1. Amide H to amide H, which residues 5 or more places from I164 or on other chains are under 5 Å from it, using H placed in the peptide plane?
2. Once Lys and Arg get +1 and Asp and Glu get -1 on their Cβ, which of P146, I205, T284 lies farthest toward the positive end of the dipole of segment 3-301?
3. Can you spot the aspartates and glutamates whose alpha carbon is less than 12 Å from K8's alpha carbon? Ignore those fewer than 8 places along the same chain.
4. Quote the convex hull volume per residue of segment 212-266, based on C-alpha atoms, as a whole number of Å³.
5. All other residues with a Cβ under 15 Å from the Cβ of K48 taken together, and with Lys, Arg as +1 and Asp, Glu as -1, what is their net charge?
6. Please order D36, D232, D72 by the number of other Cβ within 10 Å, starting at the fewest.
7. By how many nm would the segment from E305 to T114 lengthen if fully extended, with 0.36 nm per residue of separation less the alpha-carbon distance?
8. Excluding E3 itself, what net charge comes from residues whose Cβ is under 14 Å from its Cβ, given Lys and Arg +1 and Asp and Glu -1?
Amino acid sequence: MEELIQLKEIKKYFPWKKYKYVKAVDGVSLSINKRDIFGLVGESGSGKTTLGRMMIHLIDSTSGSIFYKGKDITKIKKLEKNLRRNMQIVFQDPYSSLHPRKKIKDIIGSGLRTHNLVRSEGELVTKIEQFLNLVGMGEEHLYRYPHELSGGQRQRIAIARALILNPEFVVLDEPTSSLDVSVQAEILNLLKKLREEFDLTYVFITHDLYLARIITEKIAIMYLGKIMEYGDTESIFKNPLHPYTEALFSVIPKLDPQKRTKKIILKGEIPSPFDPPLGCRFHTRCMKKIGEICEKVSPPLKEVEEKHFVSCHLYD
Ligand code: SF4
């Protein structure tokens, strides 16, 4: 499989008052192959959205490297037009991500104009109509405003706006979390269909493990700016190895009584990213803590099974 993106020890510290930092992402390394649907999963404050945005150069990293097709994009101040076109994002909230005073035609077509990808107004309209049809909408929506559409339709417009530029890599930042369950399924099916049609690579950011299992092929479980576990989705769901992943999975409702396990309720709150715990980030809430080593030494991410990486001293 051809590698598309590789992250090496990537960090993002947001300055906060004098001498203080929010350590949103703190030393993440992983790689994403072409045509992967890669899930970044975690609670709010885990750093998943910041990491997704750094991958497409929407925000700068503090240190580390992000190689996109072998080129370190952290060294570039502003992405070349081609690279920018190749990397797109669909935001979580279709209500705020579309300009309220622009018609759908202008919202979807603005990228085509900016990148000089059409030569005439006729070509622009034809291309927009083609993409409206692809996302299950029609010409009748061309001259409507976002407030005239439903939530699901708006998210379809956001997807059409991202894909019309013919990208290779799309970050989907909780793209269905503000939608009803029935609409969520439609959007997920649409995203899968478009991935096949355009040979896309997705990073799918979510806090919802159920969705992650349905759509992703690989996942990284994040906690307080670090990866706790990462590998093939099925292998992690069948055999979660990190105590945090185990706790998260234990509360997913299961229909089959044979598969029900005891719920693990984590104690305490997620610590502040201003002052994350030393050693293992999870030690303040871990039910399997071994002792001092967990409080003092940060566990490295180790390949415990084939292509299944875990950051925990239980596997030292
Ligand atoms: Fe728990 Fe220790 Fe493993 Fe951290 S390193 S998850 S505290 S057992």
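We did not get these values from a lab; they are worked out from the coordinates using the rules stated. All values derive from a computational prediction rather than experimental measurement. Here the Cβ positions follow ideal geometry from the backbone for every residue, glycine too, while neighbour counts run over all protein chains shown.
1. none
2. Value computed over the given set: T284.
3. Here the aspartates and glutamates satisfying the reach criterion relative to K8 are D26, D72.
4. 86
5. +1
6. Ascending number of Cβ neighbours within 10 Å: D72, D232, D36.
7. 64.1 nm is the gain from fully extending E305 to T114.
8. +3
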